[in-house]
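**Q** Let me begin by handing over the structure; questions about it come next.
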């Protein structure tokens, strides 16, 4: 991508209606556009990062046997009335509308009921379970006060996976597999060192559910963590009884702010019984399917990443989620220098490196400021001086370090691999 034709432009001014660092930086860098309070559109840079995060999540869901599908956003009241989540008690979360042909419709905020109803057509025997399906889908939640930029919005993308098992024992095996897959996701997007599996309220079917909380100053939650054991407890359930049950000592815990980046729940038969999702066991008797649900919000994950890797002047995003792996800048007044930079850009593209090429006719200061703001992890500079030496200036913005490299694909790609680049990370060709 050449920056001269990129749809978006960076902004010097800080959005006055935003408090969260992630929203300020992502708007200024041209990743997102604010449509209204709690609603954001993803621009080309933001969409590339979002797609890279989705790709990582998808790979990990496939690794544990997940099968991808896509369910409808429009929801019929009939299914939700069976579980009791359509009536007055659930009104606050729903966005609803009236059909011109008559009747009501809802905009899905989660999908336990519709996926349970769907699986009645596909689960009949004990031979049909376990079964795991997931989707990436837009959800709508009528948040009273949307806040925290893209970390809490009224319209958002969610990866929601649902497991269907014969019993609690079979469910428990997959539950742990999913927890491990989630930690791999957070490690791959650059949050592994600061993300803790966190005990939270389990509802009616288990003592606890599991949240995955990333420690950041802007976090909306408070957790108590044990750094050595790499586990934490949400403040809401942090009682003496809870600590004793899970084997933590109060004196070992640190109280910190954190943001939830994922959650997994044991649902049991909460939805399968009212929606009549059963299977016939080996003895020919009908049994309710034992369920679980598992969620990650890719956009929320991006917001937390920006909170961690951002500062007032810009971002330094991890290689795995940055919109491009390298930001190539052409500097100088010489036509030969620009031609050399353009040739390098084309050569690197041909060798599988996704590059943003700043070919604009603007000052060096503006180019460097935009490079810092956009946050691509590697900067390549071709100037009159480096061109005369047949070199390119290579800067690792995440780990620090600057050096001159020969303008050969092997030398540059070797340096890129040292800082984590892999062609498989590209979301686009």
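**Q** Compute the Rg/Rh shape ratio of the stretch 85-170: radius of gyration over Kirkwood radius, all on alpha-carbon atoms.
**A** 1.06
**Q** Can you tell me the relative contact order of the stretch 230-320? Whole percent, Cα pairs under 8 Å, sequence separation 6 or more.
**A** Reported relative contact order: 22 percent.
**Q** Can you give me the angle between helix 409-418 and the longest principal axis of the chain, using Cα atoms only, in degrees from 0 to 90, rounded to the nearest 10?
**A** Between helix and principal axis, roughly 40 degrees.
**Q** Assign one of three labels to the stretch 11-148, namely rounded, prolate or oblate, based on the Cα gyration tensor with a ≥ b ≥ c the square roots of its eigenvalues; rounded applies when a/c is under 1.5, prolate when it is not and a/b is larger than b/c, and oblate otherwise.
**A** Oblate shape, in that a/c is at least 1.5 and b/c is the bigger or equal ratio.
**Q** To continue, here is another question. Please order 407, 339 by the number of other Cβ within 10 Å, starting at the fewest.
**A** So the ranking, lowest neighbour count to highest, is 339, 407.
**Q** When only C-alpha pairs under 8 Å and at least 6 residues apart count, what is the relative contact order of the stretch 324-425, in percent?
**A** For the stretch 324-425, the relative contact order is 29 percent.
**Q** Still on this structure: With a point put 7 Å past each Cα toward its Cβ, work out how far residue 311 is from residue 127 in nm, to one decimal.
**A** Roughly 6.2 nm, to one decimal.
**Q** Let me ask you something else. Between 39, 306, 19, which gets the highest mean-square fluctuation from a Gaussian network model of the chain, Cα cutoff 10 Å?
**A** Its mean-square fluctuation being the largest, the pick is 19.
**Q** Follow-up question, since we're still on this one. Calculate, for residue 384 and residue 47, the FRET efficiency according to 1/(1 + (r/R0)^6) with r their C-beta to C-beta distance and R0 45 Å; round to the nearest 0.05.
**A** 0.80
**Q** Using the beta-carbon distance between residue 363 and residue 147 and R0 = 25 Å, what value does 1/(1 + (r/R0)^6) give for FRET efficiency, to the nearest 0.05?
**A** 0.10
**Q** Run the numbers for residue 179 and residue 98: contour at 0.36 nm per residue of separation, minus the present Cα-Cα distance, in nm.
**A** 25.2 nm
**Q** Sticking with this one: Bin by bin, in steps of 10 Å, what percent of the Cα pairs in the stretch 324-425 do you find, going until the bin that has the longest distance?
**A** Distribution as computed: 16, 54, 28, 2 percent.
**Q** Post the alpha-carbon centroid distance, the stretch 63-121 to the stretch 230-284, in whole angstrom.
**A** Cα centroid to Cα centroid, the span is 24 Å.
**Q** Summing -39500 (n - 2.57) over the DSSP H runs of n ≥ 4 in the chain and dividing by its residue number, what mean residue ellipticity at 222 nm do you reach, to the nearest 500 deg cm²/dmol?
**A** -9000 deg cm²/dmol
**Q** Let me check I have the definition right: for the chain, take the eigenvalues of the Cα gyration tensor, multiply each by 5, take square roots. What are those semi-axes in whole Å, largest first?
**A** 44, 23, 22
**Q** While we're here: Give me the angle, in degrees from 0 to 90, between the Cα long axis of helix 168-188 and the longest principal axis of the Cα atoms of the chain, rounded to the nearest 10.
**A** So the helix axis and the longest Cα principal axis differ by about 10 degrees.
**Q** Counting alpha carbon pairs within less than 8 Å and at least 6 residues apart, what relative contact order, in whole percent, applies to the chain?
**A** 17 percent
**Q** With each pseudo-label sitting 7 Å past Cα toward Cβ, what's the residue 236-residue 350 distance in nm, one decimal?
**A** Distance between label points: 5.7 nm.
**Q** A follow-up question, please. Highest GNM mean-square fluctuation, the chain, Cα pairs closer than 10 Å: which of 99, 253, 267?
**A** In the Gaussian network model the winner is 99.
**Q** For residue 335 and residue 406, compute 0.36 nm times the residue count separating them, minus their Cα-Cα distance, and round to one decimal in nm.
**A** 23.6 nm
**Q** When the convex hull of the Cα atoms of the stretch 67-121 is projected onto a plane and the area is averaged over all directions, what value comes out in nm²?
**A** 4.5 nm²
**Q** How do 283-293, 255-265 rank on mean C-beta neighbours within 10 Å, highest first?
**A** My ranking of the peptides, most packed first, is 255-265, 283-293.
None of the figures in this text is laboratory data; all of them are computed from the coordinates on show. Predicted, not measured: the structure shown is a model, and the values here were computed from it. Note: ideal-geometry Cβ built from the backbone for every residue, glycine included; neighbour counts use all protein chains shown.
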